[in-house]
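Notes follow once the structure below has been shown.
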Amino acid sequence: MPALLFARCARLHPAALPVATTVLLWASAFPGIRAALKGFSPTGLASLRFTIAAIVLLMASLAIRPRWPRGRDLFQIALAGGVGITAYNVALNTGELTISAGAASFLVNVAPLFTALIAMATLGERVAKRTWFGMIFSLCGVGLIGIGESGLSGFGWGAALVLAAALLQAIYFVLQKPLVAVYSPFAATVSAVSAGAILLAPWLPQALAEAAVAPPGAIFSVLYLGIFPAALAFLAWNYALRFLPAGQAASWLFLVPPTATVIGLVWPGEIPPPLSLLGGAVALTGVFLVNRPAKTRTPTRL
């Protein structure tokens with residue numbers, strides 16, 4: 001089903017291929033993180049993953065030679081890297097110590113809701129009145145996921161951390177949107193990823209020590225996460241932001257959870273609790289209500 005939708009979108013809008021690439025690779029990141037955590041700590045994993053991503057992107061920049069951000073934009077780049085790379089990945093990795101890959105992907109995909117609200121307040125993007133109903137609907141779904149992961153004892157700390165990661169991701173999206181309008185998506189991606197890697201550098205020695213004793217599967221997962229869901233997917237996402245408003249682009253990420261759940265059945269082979277699946281479906285329905293395109297079709301719609 002997602003493949004058919006991607007094929008159809010590819011004929012409609014130039015952002016279709018970047019969006020499809022982002023969805024597939026970010027979906028694979030959730031089971032990849034679970035697999036990597038078998039040999040790495042949350043902070044060590046984040047540091048090594050984005051060190052690899054920064055090296056890959058910087059090597060590519062030797063051939064591309066983009067126009068780099070400068071002046072006051074450097075602060076926004078550093079802030080985007082700190083929020084969307086450093087803080088987001090530490091929160092997500094730590095949360096995935098206790099919840100499944102599928103449930104984590106459901107929770108993180110409340111980010112489109114947050115993105116729409118923040119973009120409306122800071123970028124002047126218009127959001128329909130159904131935003132409020134969708135927000136309530138999504139929050140109900142988040143509550144179901146929390147109960148599903150921690151039982152009747154309450155909202156688990158792992159689920160809370162992943163939800164915090166969703167908010168951090170939304171802030172990153174909004175911070176990056178004006179940057180890709182001024183600089184190339186490649187320059188904005190390399191700068192933000194490098195800033196995040198630098199902020200994670202204090203944990204790099206720990207990561208290298210963990211790599212020396214980590215199982216081969218965990219090492220493979222870190223390499224995969226650094227090259228594909230980090231370097232390539234973040235680059236594809238910024239290309240999508242070049243063509244779409246932040247809120248509308250983020251709305252397409254509702255395809256990530258079902259894709260991540262399917263991947264998670266094989267890698268690393270886990271099934272989320274039924275209540276988490278139900279809560280994820282409810283949360284994503286709310287996200288869709290918030291970001292549903294208008295009935296009138298325009299050439300700029302995805």
Inset, instruction - Can you tell me which residue within the range 29-61, out of those that are touching a Pro at 6+ places or on another chain (Cβ under 7 Å) and surrounded by fewer than 24 Cβ atoms within 10 Å (Cβ to Cβ), is nearest to A207 (Cα to Cα)? - result: G39
Legend entry - Condition met for R126 (over 13 Å from the mean Cα position of the chain (by Cα), at pLDDT below 80 and surrounded by fewer than 16 Cβ atoms within 10 Å (Cβ to Cβ)): yes
Legend entry - A218 vs. criteria in a helix (DSSP H, G or I) and either out of contact with any Gly (no Cβ under 8 Å at 6 or more places or on another chain) or open to solvent by 10 Å² or more (accessible area, probe 1.4 Å) (or both): no
Inset, instruction - Return yes or no: is N93 under 17 Å from L204 (Cα atoms) and touching a residue at least 24 places away in the same chain (Cβ under 8 Å)? - result: yes
Legend entry - Verdict on A80 being buried (at least 20 other Cβ atoms within 10 Å of the Cβ), closer than 17 Å to I171 by Cβ and touching an Asp or Glu at 6+ places or on another chain (Cβ under 7 Å): no
Legend entry - helices (runs of 4 or more DSSP H) contained in the range 224-302 and holding at least 2 residues aromatic (F, W, Y) and either at pLDDT below 70 or open to solvent by less than 30 Å² (accessible area, probe 1.4 Å) (or both): 233-243
Inset, instruction - Six or more apart or on different chains, Cβ under 8 Å: which pairs go from a residue in the range 107-119 that's at pLDDT 80 or above to one that's among the charged types (D, E, K, R) and part of a loop (DSSP other than H, G, I, E, B)? Could you list them? - result: A119/E125
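The values are calculated or read from the model by the stated rules, or taken from the named source; none is laboratory data. Note that the structure is predicted; figures quoted are calculated from it, not measured. Using ideal geometry, Cβ is built from the backbone for each residue, glycine included, and neighbour counts are taken over all protein chains shown. Remember, those area values only see protein heavy atoms, side chains included, never the ligands or the DNA or RNA. Shrake-Rupley method; radii C 1.70, N 1.55, O 1.52, S 1.80 Å.
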